[in-house]
1. Out of L157, L146, I need the residue that is in contact (Cβ under 8 Å) with a residue 60 or more places away in the chain, assigned to a strand (DSSP E or B) and touching a Pro at 6+ places or on another chain (Cβ under 7 Å). Which one?
2. Within the stretch 163-194, can you find the residues that are part of a strand (DSSP E or B), more than 21 Å from I114 (Cα to Cα) and either open to solvent by 30 Å² or more (accessible area, probe 1.4 Å) or of a type in the set (S, T, Y) (or both)?
3. If you go through the stretch 144-155 one residue at a time, do you hit one that is open to solvent by less than 30 Å² (accessible area, probe 1.4 Å), over 21 Å from N30 (Cα atoms) and at pLDDT 95 or above?
4. Test each condition in (1) modelled with pLDDT of 95 or more; (2) buried (at least 17 other Cβ atoms within 10 Å of the Cβ) for V160 and report the one that comes out false.
5. Suppose the filter is of a type outside the set (A, V, I, L, M) and surrounded by 18 or more Cβ atoms within 10 Å (Cβ to Cβ); does T28 pass it?
6. For residues in the stretch 72-116 being under 19 Å from I47 (Cβ atoms), of a type in the set (A, V, I, L, M) and touching a helix residue (DSSP H, G or I) at 6+ places or on another chain (Cβ under 7 Å), which is most open to solvent (accessible area, probe 1.4 Å)?
7. Looking only at the stretch 61-99, which residues are under 13 Å from the mean Cα position of the chain (by Cα) and of a type in the set (A, V, I, L, M)?
8. Could you check how many residues of the stretch 19-78 are among the hydrophobic types (A, V, I, L, M, F, W, C), modelled with pLDDT of 95 or more and assigned to a loop (DSSP other than H, G, I, E, B)?
Amino acid sequence: MGAEDEFRAVAARTREVYERQAEFFDKTRNRRLKMESAWLERVMASIPAGGTVLDLGCGAGEPIARQFIELGYQVTGLDFSSAMLAIVRGRFPDGDWIHADMRDFDLGRSFDAIIGWDSFFHLTPEGQRQAVACIARHLAENGVVLLTVGDEEGEVLGAVGTDPVYHSSFSPDGYRALFADNGIDVVELKVNDMGAGGRNILFARKANPK
């Protein structure tokens, strides 16, 4: 099997990995918001108080969805793992938790903010194009997007527990072009943000219609 075939085979098993590793992921997920807080605060400063937030790849709902819920925002979480959603529904039984794929969801409403922290980068390049199109359709005017991404074009493998998982990325200029094509301006793409554990952070805003 060549490298490209191996990457695609691992990418195809992403849902399976999170179904199997849901409890492990939840138990080991850092909940202190040390890495996320500055960027989440930027999101909150950019949208109305109590506004609508879509958490793509919400997982078990902690710590990001919890933070917004506790601060009075209207949170919708979307994940393709039934096992992850079972945990978050038990944790927040009155929440809006949707079983769907971020590549082809259609919720019939818009959101002030859409966040994909440590989730969006599991998609293949084509999957990311599809997801950005979905994000654009669901983002309110002047709404903001927060994603963790890669820092250069390519594919790599990571791990969740004992399972390999797939990651892909466009180049920074590739992301700017992709979002611009969907009517969204990349405001900042910060590479190797040590305050966020070395992650690469994309922050974008939906362009005003002309």
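The values are calculated or read from the model by the stated rules, or taken from the named source; none is laboratory data. Bear in mind that the values here come from a model prediction, so they are computed numbers and not experimental data. Note: ideal-geometry Cβ built from the backbone for every residue, glycine included; neighbour counts use all protein chains shown. Please note that ligands, DNA and RNA were not included when accessible areas were found on the heavy atoms of the full protein model with its side chains. Shrake-Rupley method; radii C 1.70, N 1.55, O 1.52, S 1.80 Å.
1. L157
2. Here is the first cut: in the stretch 163-194, the residues part of a strand (DSSP E or B) are 163-169, 184-193.
Remaining after also requiring more than 21 Å from I114 (Cα to Cα): 163-166, 192.
Once the filter is applied, which keeps residues that are part of a strand (DSSP E or B), more than 21 Å from I114 (Cα to Cα) and either open to solvent by 30 Å² or more (accessible area, probe 1.4 Å) or of a type in the set (S, T, Y) (or both), the stretch 163-194 yields P164, Y166, N192.
3. yes
4. (1)
5. When the stated conditions are applied, T28 does not pass them.
6. The extreme case among them is L107.
7. Kept after step one, since they are under 13 Å from the mean Cα position of the chain (by Cα), are these residues of the stretch 61-99: 61, 64-65, 76-80.
Correct list: I64, A65, L78.
8. Residues that pass the stated criteria total 5.
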